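Notes follow the structure.
The values are calculated or read from the model by the stated rules, or taken from the named source; none is laboratory data. Bear in mind the structure is a predicted one, so any value in this text is a computation, not a measurement. Neighbour counts are summed over all protein chains in view; Cβ atoms, including those assigned to glycine, are modelled from backbone coordinates with ideal geometry. Protein only, heavy atoms only, side chains kept; ligands, DNA and RNA dropped before computing areas. Shrake-Rupley method; radii C 1.70, N 1.55, O 1.52, S 1.80 Å.
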Amino acid sequence: MLCHCIRKEKIICHIRHGETDWNVEKRIQGQTDTVLNSNGKRQARLLAKALESKPCTAIVSSDLKRAHETASIVRNYWLGKEDIDDDRESCSTRDKNTKATSIAHVPKIITDSKLRELHAGDLQGAISTDPKISRIRTLLNGEWKQGKTNRKYPGSGGESLDDLVSRAYQGLKNAAKLGGKGGHVFVFSHGGLIKSIAKDIIDKTNKKTMLKPATNCCLSTIKYSMESDSFEIVKMFERVISEDAKDDTG
C-alpha cells in the first residue's frame, strides 16, 4: 500500500540573495532594504538555470527586497517568463521547456520577516573595511566567541547573535512545514543569517568544520527532522553559479 503521508524529514535549499551595489561597495547592509544590481539579477537567472532540475514544493523568502527579488527571478525563470531582467535576448532564446517541474507546480513565494538579515544598528550603511567600523565588529565578534552572544550591535534596532539565531530557526521551521508531501523547500535569505545558522548547527553536532565565505547566490542544503526537531548540514555555501560573486563581508 502506498503511503501518502507528509514527509517527516524536510530538505531546505538555503540560498543567499544576488549581488547589490552595497555588496560591491562593501557596505554593511543589515536590514537596509537594498535591491539587486544588474549583475545580481544575472546571477539570479543563472542560479535558476542551475537549480531547475531540483524538486521544489515551497518557496519562502525574507521580506527584504534583495532576497525576494532573487526568489522572484528564479520563479519567473522557471515559469518561462521573458521579462525577468533587462537581458531580453538571452531570456527569449532559452528553451521554455527546460524546467523539469510543470508550471502548475511552481509554488508562489511566501515571505517571512524572521528570515531578515541581522540588524546592525548604527553600523548599517557603513563601509565594512573602515578601520573604526572594523574594530567595532571585531570586538563584538570576539564577545560572541566568548559566549556573550546576547551582546547587540550598537544603536537603534541593533540585534545580538542570539536574536538572529533564534528567529532564523523559527523562520526555517516555518518554511519546512510548508514543504508538504515532497518536502523540498527553497529559502532565500542573507549571508549573515545563513552563516550564523550553519555555525550553530555545526556547534550543536560537535563537528569541527571551517566555514567558507557565503557568496552571492550560494546554496546550503539542510535536512530538518520534524520528529526530533533537529537540523543537519548536508552541504554548505555551494557555489552553483560560475559568475563572480561577493562574499558576505560586504
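Tell me, which residue of the stretch 54-98 that is within 20 Å of residue 221 (Cβ to Cβ) and in a loop (DSSP other than H, G, I, E, B) is modelled with the highest pLDDT?
My answer is 62.
Quick check on this structure: which one of 183, 191, 147 is open to solvent by less than 70 Å² (accessible area, probe 1.4 Å), without any contact (Cβ under 8 Å) to a residue 24 or more places away in the chain and of a type outside the set (Lys, Arg)?
147
Give me the residue from the stretch 198-223 that is open to solvent by 70 Å² or more (accessible area, probe 1.4 Å) and outside any loop (DSSP other than H, G, I, E, B) and, out of that set, farthest from residue 42 (Cα to Cα).
204
Mind checking which residues of the stretch 183-197 are at pLDDT 95 or above and either of a type outside the set (Lys, Arg) or in a loop (DSSP other than H, G, I, E, B) (or both)?
Residues satisfying the conditions are 185, 186, 187, 188, 189, 190, 191, 192, 193, 194, 196, 197.
Which of (1) open to solvent by less than 50 Å² (accessible area, probe 1.4 Å); (2) of a type outside the set (Asp, Glu); (3) modelled with pLDDT of 95 or more does residue 51 not meet, given it meets every other one?
All conditions pass for residue 51, except number (3).
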